[in-house]
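Everything on this sheet refers to the single structure shown next.
Please treat every number below as a calculation from the coordinates, not as lab data. Bear in mind the structure is a predicted one, so any value in this text is a computation, not a measurement. Every residue, glycine among them, receives a Cβ derived from its backbone with ideal geometry; neighbour counts consider all protein chains shown.
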Amino acid sequence: MIDTLRSFTRKSGIIRIVIGAVVMIACLIITKFAIFDLILGPVEIDMTQDPAQYEGRWATIQVQNLLTDYVEHRTTTEYESGRTTTSTDGNSYIAFYADDNYETMTSTWYYFSFYLPQRDQEEAYAMIDDTWAYWEDYSGAVEAPEPMKITGTWEKLEGDLLDYYIETLEYDLGIVEDGDDIFVGYTLNTDSVGGVKISTFVIFTIVAFAALVYIIVQIVKVCSNGCAKTIARYVQENPGISMSQVETDFAAAHQIGKQKVWIGRNWTVYITGMKVHIFANKDAVWAYYYRRTGRGSVSEMRVYMIGKKIHHIPLTEAQTQEAMGYYGAEQPHMVLGYSAELLNMFNKNFQDFLNLKYNPVRQQQAQDPFNSVYNS
């Protein structure tokens, strides 16, 4: 008995583990495995090196000089009513890194871009003012701007962003690209981790973490002996019943198709997910097929107990009819089949419902000295 139940629960557990693993891997793929970028930490960008080697990587830069903003990023939302709203997400800025060669008394400036969300705008504009004040001062009285550490995904500038970047440098700032002024043509996107938008990364990382927890829980369940504990606890909570009696009944029970449902003479055992359920047939008063279609569809046999507890056993209509056939042949105290009148009587006149079959059969069995102890 225990081996049979264990094989079914383990199979269900393995399927759940596989599903959890598929969900977790899918989330990691969607986020381009950016979680490992966070674990390993950002790479420090060296502006004097080939910028292409950092492309797509989670990186960090110490911004020492900030020239200007050049693009405002906006989101426009259209509603069904026709009304639209526009919000500013953030700005793209142009900064530069000055590589000074004190031997030749020359300096090479590397111009690059980065994006900051709207909440950091005030700090950025303050640094722009400080940068201009520092480089336009020839007295040495103005200190260099306080560096700003920026971390994000290093992305190649393309399309309109690249055009605006070049136009701002050449036409607005009057800078011509040459050996001393190098247009890097890359941007550090602080709204991205490993090339994935932060909001997307957060959502799918949470799902991946939940899937990992789910997998761990299922592994623990698979490795545990939960089905044996369930049956042992039931026997312990019901004095007068032995494990051997339950096992003997299970060995002769009717398995409904290939489903995880066994209807014995005295007990019904079924599995939902990885959980084993058992109840005494003598305490069951009503069974019928229930189906709900559409979203959250349900197909099950509902078994109502004397204490009004309901067991929801996943079965098709044909399988339920098979199960109720066994109940009808071996459990004469049970009402079988559904009607609105029966449901109303069960809910509002429970004793009248019991008088339909349960009470008369139980009284008759109580007077029968040869009646099985399990049905007494």
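Quick notes on this one:
- Shape of region 171-270, Cα gyration tensor, a/c cut at 1.5: prolate
- Placing unit charges on the Cβ atoms only, positive for Lys and Arg and negative for Asp and Glu, gives the chain a dipole magnitude near 5740 debye about its Cα centre.
- Percentage relative contact order, region 98-201, counting C-alpha pairs under 8 Å, at least six apart: 40 percent
- Peptide ranges 70-83, 312-325 listed from the most packed, as the mean C-beta count within 10 angstrom indicates: 312-325, 70-83
- The chymotrypsin sites (Phe, Trp or Tyr not before Pro) of region 95-164 that DSSP puts in a loop, and whose beta carbon has at most 11 other beta carbons within 10 Å, are 102, 138.
- Gyration tensor verdict on region 237-323 (Cα atoms; rounded if a/c is under 1.5, prolate if a/b is larger than b/c, oblate otherwise): prolate
- With a Förster radius of 35 Å applied to the beta-carbon distance between residue 350 and residue 18, the computed FRET efficiency rounds to 0.20.
- Here the Karplus curve 6.51 cos²θ - 1.76 cosθ + 1.60, taken at θ = phi - 60°, turns the phi angles of region 106-114 into couplings of 10, 9, 10, 9, 10, 9, 9, 10, 8 Hz, with x standing for Gly and Pro.
- Rounded FRET efficiency, nearest 0.05, which uses the C-beta distance separating residue 207 from residue 133 and R0 of 35 Å: 0.15
- Within a Gaussian network of the chain (alpha carbon springs, distance under 10 Å), most fluctuating of 176, 22, 246: 176
- Listed residues 175, 271, 198, most fluctuating in the chain (Gaussian network, C-alpha, under 10 Å): 175
- Cα convex hull of region 120-183 - mean projected area over all directions, nm²: 6.1 nm²
- Normalising the average separation of contacting C-alpha pairs (under 8 angstrom, six or more residues apart) by the number of residues puts the relative contact order of region 12-101 at 22 percent.
- Per-q log10 I(q)/I(0), region 70-145, q = 0.14, 0.15 Å⁻¹ (Debye; single scatterer per alpha-carbon; no solvent): -0.64, -0.70
- Each Cα pair under 8 Å and six or more residues apart adds its separation to the average, and for the chain the resulting relative contact order is 16 percent.
- Value of Rg/Rh across the chain [Cα atoms, Kirkwood radius]: 1.31
- Start at zero, step by 5 Å, and the Cα-Cα distances of region 56-204 spread as 2, 9, 15, 20, 20, 14, 9, 5, 3, 2, 1, 0, 0, 0 percent across the bins.
- Expressed per residue, the C-alpha convex hull volume of region 201-258 stands at 140 Å³.
- Cα gyration tensor shape of region 21-91, rounded if a/c is under 1.5, else prolate or oblate by comparing a/b with b/c: oblate
- The label-point distance for residue 309 and residue 171, in a model that sets each label 7 Å from Cα toward Cβ, rounds to 7.8 nm.
- Cross-link table 11/348; 260/348; 258/308; 32/149, entries beyond 30 Å C-alpha to C-alpha: 11/348; 260/348
- Kyte-Doolittle mean at least 1.6, axial Cα span of 27 Å or more - DSSP H helices of the chain: 198-223
- CD proxy at 222 nm, helix term only [per DSSP H run n ≥ 4: -39500 (n - 2.57); per residue of the chain; nearest 500]: -12500 deg cm²/dmol
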